[in-house]
Structures are given as structure tokens and as C-alpha cells.
Amino acid sequence: MAHATMLLLLSLTLAVGPAVGFYGGSMTFTPGNRFPDGSVEMHFYFRESSRGPCGPQVSWICDSGICGVLTNEEPMETGSSAQNLWCQSEVHMATNVSSDGPFILSSSGCCWEDNVQGVGGWTLNTHVDNGLRSDTQSPNRSPVSAAIPNIRIPQNCFQNIQLLAHDPDDDIVRCRFNDANCTLCHEHSNIHLHEESCSLHKVDSLALGVHVFELILEDYPVSNITVTDDNGGFFDDSIPLSQVPLQFGVEILTPAQGCVPGVNKPSFLTPTPLSGDVHHAAVGQAHEITLKAHISDNSIFDFQVSGPFNMSKTLTILSNGVMMATLTWIPQESDLYRHVPVCFTAETLLSQSEMRCIVVIVAKSKVLSGEAKVICDDSSISIVVSRASMEGIDQDWLQLRDPTCSLTSNETHILGTMSLNTCGTTMDDSGDFIVFKNEINSFENPNAVITRRNQVKFGFSCQYPKIASVSNSYINHKSDYIFTESSFGTFSYSFEVFTDSSFNSKVDPSLYPVQVQLMDKLYMGIEARTALPEVTLFIESCRATPEDNPFSPVFYDIIKDGCVMDETVMIYPSDSTKYDFEIQAFKFTGGFDEVYISCSVILCAKESSNSRCAQGCLGSAARRRRRDVSQETARHYITQGPLRVARETHNSAASKDGGFLHMSTSTGVFAGLFVVAIVVVAGLLVYNVKRTRSVDRMHLLSTF
């Protein structure tokens, strides 16, 4: 018996070949052709990472439902390291499904790379619903994500990891830990997973070694829909349409001397794409992605890339510690309509840059790009596009990176103006300059099956020297928010902190972050500026967060659905385009010292009785209503801050020159009495010293 067991183990070892450690994988799926008999082609793309030489470890099976006959191509190597430190491959699988019902593909095996948690086996599940969605009239497409094979972070430099969470159907994507086996195997006590943003945040330091992350990505419809399948499914924002796995390892290295981007670890420079960017490629045409990074204390030797199997990489060494990589990919006919994830980092022997991930959407032909003039001001960007260069394009179907921002037009040009912090404008570093970037995209009616419009996409940017004040203005005090919409033209909002209840004197931008004491009265005002004469400003919500992000998981509602939620808020009367209010200063528990205030604001035509402005406070029983684009603007978020709560426990004196932190009358009286008491005590001490000095000087010294 023992001899038979030994032979079996030996045969298994020979069959497996060189030992490799599983290092994670990601799955995406998309529907293909629908045939006359009602069956649908489903395509699956699985990327598998391993520690060591490439070798397929994953074999998918039909776990439940009717999956059809799953066929798969040979895995294609997409990248590897010369030292066999890691390898990644991609396999394309397809099946024809005759039943409009859900099914599950699964895979499991052993073994993960040696890791801190002691996780051995892995389990991968993909949940698919093949029915027709009522909103898109096609089967659901899964969320898209990926990760590089070998994520390396020094122990003292782990702050957060932003994961790609893109959805081709514009659904809401949430991430959660996979709890198929046991909670302790998959969750991390020192890591917080923000499910809505799919980001990992450090709570406490991680032990040295490899840490395993096994996640599930789920997509939820933005509104209630039905899926026509064998079960007649109904889906709302509490029921996921699909589930796909995302698994990866993070290797925690020994502490580094420093964690400064560009000094101790590589930092990306323009024109490197930002996380979450969307690129457009065409079948049979080369699509290039340029990566550029620099470091001063070391040298970059490579860029680690997770992409499609036939993507090539060319490295170019530039001066001053800068290296550039050019990624080139020629999509094939089989890639048509795919949303392909591409993730990358810049590598040194001792460190690694942040991981960025983008999506490349493959179309039949190349998107249009018009001739444009870009005007760069101190706090805004204007774009003027020649209509002649984009013949047949309607500006009503164009938008900026933020879909709430559209464009206007005249007979010859399409126009748009935005501030440096609105309409999806992003800030990037190009070395000696700060670059603000945005792009114009076309969009379609989400319920339309066909279109007769060409796809449009082109980017534009403004760059400013780092020595200029624009960066400080952008980071600290938020300048005016400027938007453009087709029905309202160009309009702006200012959001300011004032020194007193007259709302005439703003706190100087150079004084930001604004220093406050707990319970101080803060005077804040929002004003809309527009060329239209009859408009009304409506503040739909205001919330406080400890970071410059209105969607932070930690927040406090001040105004919600038009209703005041904080009892210390006092609203001051003003005209229809102003909103002045007072609130007592506070801070967040948990060691946060800064507070940002973010408000969602809407402009409405005065005569509209059914606009959001006219509805006012709706309360918890509010019914959502369809937006009338001709009567009101989109909801825009504006932010001001930070307000920094002083650590002192006493109330400080008022600032010079009528500053906005005033000492109250009661506090002033108390302070005066306190000073008098100190003077009296000091006088008694002096008298006592003079009287006793001549009696016993040494005894006096010993008593102190």
C-alpha cells in the first residue's frame, strides 16, 4: 500500500512539472453573437499569475446551471520576469448557452505562494446571468478588473491600493472579500476594504511576507431593471447582476529609508494615464500607451505590465532618472467590443511605484478627434472645437470626463469652460510642471439598440510651472467652480469661508487651511454666477468629510435632500443666487484634525414649478423624479477646506485685523477675571518673598 502511494505521489509530481506558486487571477466575461435559435455566445477571459515559470494551474468547470460546452484556447503568456520571479498568462474561453438562465463557473486548486496567513488552496467562482437586460436589451457584461502579478510594498510605505472597478454597462461596482471557505483566511484585520470604491486602506502595519487577497467584484444596476431569463429575474441596487473573482498577492518588504514618490520610489510623469482612464482602440490598428516615471535615489529598470497577450513593450532610458515605456497593442477581430484592463507599475530593485490600471475599449473603427484651441487661465481651462473638423457631430451628445458637464455651441464652434477642479479635470505631474487634463467624449442613449453617430474622443490639457501659485490654490483653497451645460451655458459657483455674519469679508486664500476652535461659529457662503437673469440656486446637500472627497466612507450630513440636519445651522436671508449659513465648528472622532465641507448644488429656472429647487426639503420619503434638463442644471459637487481644528483645549484670541475667530463675551469676562486673579496671587508671592528673605533665605529656596 505504501509502495502504491509513493508511485501515485511520484506520478503527480511528474505530471505537475516545475513547482509554481499560485499568485492570483482575474476573470471578465462579455456576450457575443445571438443566434436564431436563441442561444448566446459568451466569452470569458481569465488572467492567471504565478510565482515562477509559467504553467497553467486553473481549469474551469460548470458548477451549476446550464453552461453549454466550454471550449478554451491554450494559455498565452502575457508577461514574465527574467529571474522567474513571476509570470502571467491569459486564456480565452467561449461557450454557446441555449438557456436564458444563470450559471456558475468555478475552479479550485492548490497552492498559493507561501504567505503570512497560511492560505493554501484557492477557489474561483464566476456567476453569469445570460438573460436580456431591460435597459440595454442584451445580456449583462461583467465588471472589468486586473492586477499586476507581483505587487511589492515596503512595510513602512503601505498606505492604500486603488483597484480597477470598471463596468461596461455603467453599473455600480462593489468589491468584497471572498468568504467561501472561512473569514479568517480571506479578511485582513489590518486592512480596510472600501467596497464602493474598491480600494484597500491600511489600518495597521502588515507583517513581512506575502499577503493573499481574494476578492469578489459585483455589479449592481443604477435603477431597477428586469432580466428576461428562465427565472424572470428582477434586480435593484441590492441584488448583484454578476460576480467575478479578483485575487492577488501583496509582498510586504523590509522597511525602506523613505517613501517619497520620485525620491525613494518611482513616480509617474505625464503622459502616463491616470488610474481609471478609458482608452479607445480599433481592430487592426496599433494602439499605443506611453508610460513615464522617474526616481532620484535609485534607477528604474523595467515596467511591470498586466495586459492582453499580444501587447509589446519598448523601454527608453531618458535623462535624470527618467525611463519611458511604450506599450503597443493591435486588437484582433476577436477583441471587438471588449473592455480590456491594462495595469502597470514602474520597477526598481528595492521599490515599486503605485499600481495604475486603465481600460482599453475596442471598436470597429477609430474614434474621431477634432481640431481644437485650448485657452489656459490661472484657474480655468476653455476648449474651442472647430465644427468643420467634426462634421455631423451634435454637441448635445458630447460631454467632458464628468458626464454632468456638457458643451455649448454656435454656428462655427463647440465651446466649453471648466475650472481646474471640475468636470473630471485631473492633476498630474510632468516633472517641472503640473498638468491639468480633461477630454471630450461622445455618448449614446443607454436604451438605444443602434446609433448613426460617429464616436468622438480627444483629450486636452494645460500645464503650469510648479513655482506658480496655481498648485497651492488648487490644493488648499478651492477657487471658483466653473461648468458648461448646453441649456444653461457657462456658469460658476464660489464657495467661501467668511470672517463674520455680514458675509462681506472672505478669509484670505493664503490662510488655508483655516484654523478653527471647537464650537467656533463658522460663516460659509455659496454664490452662483451666470449670465441668465432668472435663476435660483438650490443646495440639495452638504456633508463634512475628514478628507478632500465628498464620497468618503466617513462623513457627517449637514444638509440632506434639501433638509437641514445639523441643529447648529443657521441660514441667513439672501438673494436667489446666494446661500449664506452659519454652523458651529466640530471635528471627527478618531484623530482627524481636518474637515472638508462638500455641497451638491443645482441651478433652476425661476418659473419652473416642478424643478428640484421648487420642491425644497423632501425628507426621507422623497420620491426621485426625472430631471428636466431645460429647467435645471445637473447636480454638481463643490468643496471648500480644509478647516483645521486646533489641538489646544482653550479658546484662542481673535485673529488680527478682524479675523473670523472671535472670542465670545463670556469668554472675555472669564479671561479678564483670570488675569486679575493671577496679578493678585503674584503680588502676594512677591510680598511673602521680601518678608521671609531676610529671615531664612535657604529655607525659602527649599520650599520652592
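The values are calculated or read from the model by the stated rules, or taken from the named source; none is laboratory data. What you see is a predicted model; the values in this text were computed from it and never measured. Neighbour counts are summed over all protein chains in view; Cβ atoms, including those assigned to glycine, are modelled from backbone coordinates with ideal geometry.
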**Item:** Residue among SER142, SER98, SER108 that is hydroxyl-bearing (Ser, Thr, Tyr), outside the structural domain of THR345 (by TED's automatic domain parsing), under 19 Å from THR30 (Cβ atoms) and surrounded by fewer than 21 Cβ atoms within 10 Å (Cβ to Cβ)
**Value:** SER98
**Item:** In region 542-563, residue surrounded by the most Cβ atoms within 10 Å (Cβ to Cβ) [restricted to those that are in a strand (DSSP E or B) and not hydroxyl-bearing (Ser, Thr, Tyr)]
**Value:** CYS542
**Message:** Can you tell me which of (1) within 23 Å of the chain's Cα centre (by Cα); (2) not in a strand (DSSP E or B) is the one ASN115 doesn't meet?
**Reply:** (1)
**Request:** For VAL374, indicate whether it is crowded, with 16+ Cβ neighbours inside 10 Å, in contact with a strand residue (DSSP E or B) (Cβ under 8 Å, 6 or more places away or on another chain), modelled with pLDDT of 85 or more and not in a loop (DSSP other than H, G, I, E, B).
**Result:** no
**Request:** Can you work out which of the residues in region 331-351 that are of a type in the set (S, T, N, Q) and surrounded by fewer than 22 Cβ atoms within 10 Å (Cβ to Cβ) is modelled with the lowest pLDDT?
**Result:** SER334
**Asked** Are any residues in region 184-226 farther than 23 Å from ARG356 by Cα, in a strand (DSSP E or B) and more than 18 Å from the chain's Cα centre (by Cα), and if so, which ones?
**Response** ILE225, THR226
**Prompt:** SER108 versus (1) assigned to a strand (DSSP E or B); (2) touching a residue at least 24 places away in the same chain (Cβ under 8 Å): which is the lone unmet condition?
**Reply:** (2)
**Asked** Of the residues that sit in region 196-228 and are among the acidic types (Asp, Glu) and crowded, with 16+ Cβ neighbours inside 10 Å, which one is farthest from SER242 (Cα to Cα)?
**Response** GLU214
**Asked** Looking only at residues in region 493-506 that are crowded, with 20+ Cβ neighbours inside 10 Å and either on the phi > 0 side of the Ramachandran plot or not aromatic (Phe, Trp, Tyr) (or both), which one is farthest from the chain's Cα centre (by Cα)?
**Response** THR499
**Asked** Which condition number in (1) under 24 Å from ASP170 (Cα atoms); (2) at pLDDT 80 or above is the one that CYS462 fails?
**Response** (1)
**Asked** Filter region 347-366 for residues that are more than 30 Å from CYS157 (Cα to Cα) and assigned to a loop (DSSP other than H, G, I, E, B); which is nearest to the chain's Cα centre (by Cα)?
**Response** LYS366
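Here's a check for you: in region 115-131, which residue that is of a type in the set (Gly, Ala, Ser) and at negative phi is surrounded by the fewest Cβ atoms within 10 Å (Cβ to Cβ)?
It comes out as GLY121.
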**Request:** Could you list all residues from region 44-64 that are touching a residue at least 60 places away in the same chain (Cβ under 8 Å), more than 27 Å from HIS211 (Cβ to Cβ) and not acidic (Asp, Glu)?
**Result:** PHE44
**Fill in**
Selection over region 497-514 where residues are within 12 Å of HIS477 (Cα to Cα), polar (S, T, N, Q) and part of a loop (DSSP other than H, G, I, E, B) yields a count of 0
**Message:** Quick check on this structure: which one of PHE234, PHE268 is farther than 30 Å from GLY120 by Cα, exposed (fewer than 15 other Cβ atoms within 10 Å of the Cβ) and among the hydrophobic types (A, V, I, L, M, F, W, C)?
**Reply:** PHE234
**Prompt:** Taking region 516-565 as the search range and keeping residues that are aliphatic (A, V, I, L, M) and within 17 Å of ARG644 (Cα to Cα), which one is modelled with the lowest pLDDT?
**Reply:** VAL554
